[in-house]
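The values are calculated or read from the model by the stated rules, or taken from the named source; none is laboratory data. All values derive from a computational prediction rather than experimental measurement. Backbone-built Cβ (ideal geometry, glycine too); neighbour counts: all protein chains shown. Heads up: the accessible areas ignore ligands, DNA and RNA and are worked out on the full protein's heavy atoms, side chains in. Shrake-Rupley method; radii C 1.70, N 1.55, O 1.52, S 1.80 Å.
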Amino acid sequence: MPVLYRALQGFSDILPEEQPYWRFFENVASHVAELYGYQRIETPTLEETAVYLRTAGAGTDIVEKEMYTFEDRADKEGNRTSLTLRPEGTAGVVRAYLEHGLFKLPQPVKLYYMSTPIFRHDKPQAGRYREHHQFGCEALGDSDPAVDAEMISLLYQVYTELGLRDIHLQINSIGDQNCRPQYIERLREYYRPLLNECCDDCQMRFEKNPLRLLDCKEPQDQAKIAAAPKIVDFLCGPCREHFDALQHYLTLYEVPCTLNPLLVRGLDYYTRTVFEFAAGEDKLALGGGGRYDGLAEILGGNPTPGIGFGAGVERIIRAMKRQGITPPPPEKPCAFVVYLARTPELKDEVVKLVAQLRHAGIKTEMSYGDRSAKAQMKQANASGATYAVLVGANELANGFVSVRTLQGTIDEEHKQVEVKPENLIAYLTGG
Ligand code: HAM
């Protein structure tokens, strides 16, 4: 059949065959998040554009090139609001924290979001999509580096409980409003005489977002990056102390990490701790985050420390597949009900029986339409059901149905017994 419409480029259907991976991931991640005391939050897919413009940062790729932004329909006064599809999860959570007064609760408030859709007009390629989904955590209201270590350990535990191997963690501190300006000044001084050799993007970064100079991927700029001054050498006393304490707590959590003084992140709101996880040789991050102690103020709140991460679900599932990790298979039906004659009266009895079994919590299937008993048996076998329940008009009139064991030990398989309908649930559940 010719396909008339396809999903948009960079957008994907998540088909039933993929769902066991998603369910496995979601079960493990929510279990670990709750183990660490995090509670679920979900925020709307659309926010006012200003929420992201002011927080992610005007000079970032996300804001400059990747946001899906449009004007809303006009309100009664004819005004239109600029709206944006969520390009990242943190700003919306901080907006919700302020809007709902969560700062009045005991702090820190520890929140997670699960498989939340994120939209970025990125160049689609393997592992990079225009719609992806994130598992994320945010802890608001406490600046203790033990919260940073807990956050990183939580994500590490998710990866290890999924069975992922060869996980690398890189950490860095990018200072705060006290020490970063001096460093940026120093970085600009270093880059100024080299600028005409730099790529076009770096020329722009030099003006708008100098820290991102360190994140350039162009081969021509790598030697300059390697020789650039390092922010860790410019940290003020409190930032240094915070970073040292973080590393100490990470050793207590037994999370191995590498210090990467060039690690900067793609969003402007970060302060102090930044981190990123990857698996094996793959360069694409499996998750990343950091501290954002100034973000709540940008959104009109009181100064509120915060830290969080986002982890891409598609990338994690991709890494699981590469490492041959298979999720638990979906549960097979317990019973498949087969009708031996194709009369409306018998079909009514079968639908009634299927309904009773499902209401009793027994996973049950039947076939539909006008299939022969033989074709239904074929379906029953293909479904992987443990039992076929064979319903015939004469048998029912005599007060029984036949139950054939399809899956079981060699002795049990093909065993067929007559069971009274009122005893069927007990028989199927081994009672
Ligand atoms: P991010 O590093 O931009 O951070 O994204 C987090 C993760 O989402 C990445 O490490 C990656 O696994 C996944 N990801 C990002 N872009 C794509 C894409 N185009 N296709 C597939 N997966 C992708 C943030 O979004 C921050 N909000 C994280 C955070 C939370 N920081 C503090 N709290």
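Of the accessible area of the chain, computed with a 1.4 Å probe over protein heavy atoms only, carbon and sulfur atoms account for 51 percent. Taking a straight Cα-Cα cut-off under 17 Å and skipping sequence neighbours fewer than 8 places away in the same chain, the aspartates and glutamates within cross-link reach of Lys347 are Glu365, Asp370, Glu395. At full extension, Ala146 and Lys321 could sit 59.7 nm farther apart than now, given 0.36 nm per residue minus the alpha carbon distance. Nearest 0.05, what FRET efficiency do Glu26 and Glu345 give at R0 = 51 Å with Cβ-Cβ as r? Computed FRET efficiency for Glu26 and Glu345 comes out at 0.70. For the pair Ala126 and Thr45, how long in nm is the line joining their label points, each one 7 Å along Cα→Cβ? Simple spin-label model gives 2.9 nm for this pair.
Rounded, prolate or oblate: which one fits region 335-429, using the alpha carbon gyration tensor with axes a ≥ b ≥ c (rounded when a/c is under 1.5, else prolate when a/b beats b/c, else oblate)? It comes out rounded by the Cα gyration axes.
Is there a quick way to get the dipole size of region 264-399? I mean about its Cα centre, with the Cβ of Lys and Arg at +1 and of Asp and Glu at -1; what is the value in debye to the nearest 20?
For this selection, approximately 380 debye.
Need one number for the chain: average projected area of the convex hull over its C-alpha atoms, nm².
On the way: hull surface 120.7 nm².
In nm², the orientation-averaged hull projection of the chain is 30.2.
The angle separating the long axis of helix 145-162 from the principal Cα axis of greatest extent in the chain is about 40 degrees.
Between Asn260, Ala388, Thr304, the Cα set farthest toward the positive side of the dipole of the chain (charges on each charged residue's Cβ, about the Cα centre) is that of Ala388. What chymotrypsin sites (Phe, Trp or Tyr not before Pro) in region 1-31 are in a loop by DSSP, with at most 16 other Cβ atoms within 10 Å of the Cβ? Those that pass, being in a loop and sparsely packed, are Tyr5, Phe11.
Calculated accessible area for the chain comes out at 51 Å² per residue, all protein chains present (probe 1.4 Å; ligands, DNA, RNA ignored). Pairs exceeding a 27 Å alpha-carbon distance, out of Lys208/Lys230; Lys110/Lys363; Lys363/Lys415; Lys283/Lys332: Lys110/Lys363; Lys283/Lys332. Once the Cα atoms of helix 90-99 and of the chain are each reduced to a long axis, what angle between those two axes, in degrees from 0 to 90 to the nearest 10, is obtained? The angle comes out at about 90 degrees. Here, region 1-105 yields an orientationally averaged convex hull projection of 11.5 nm² when only Cα atoms define the hull. The calculated FRET efficiency for Tyr368 paired with Arg165, based on their beta-carbon distance and R0 = 45 Å, is about 0.50.
Would you kindly state how much longer the chain becomes between Arg6 and Ala223 on full extension, computed as 0.36 nm times their sequence separation minus their alpha carbon distance, in nm to one decimal? Mind dumping the intermediate values first?
On the way: separation 217, 0.36 × 217 = 78.12 nm, distance 4.35 nm.
The Arg6-Ala223 span can extend by a further 73.8 nm.
Between the Cα long axis of helix 344-359 and the first principal axis of the chain there is an angle of about 50°, rounded to the nearest 10. Shape class for region 80-165, computed from the alpha carbon gyration tensor (a ≥ b ≥ c): oblate, with a/c not under 1.5 and a/b at or below b/c.
The calculated FRET efficiency for Asp244 paired with His414, based on their beta-carbon distance and R0 = 60 Å, is about 0.30.
Computed extension gain for Ala74 through His100, at 0.36 nm per residue and net of the alpha carbon distance, reaches 6.7 nm. Give the aspartates and glutamates reachable from Lys104 as a straight Cα distance under 20 Å; neighbours fewer than 8 places away on the same chain don't count. Within reach: Glu42, Glu138, Asp142, Asp144, Asp293, Glu297.
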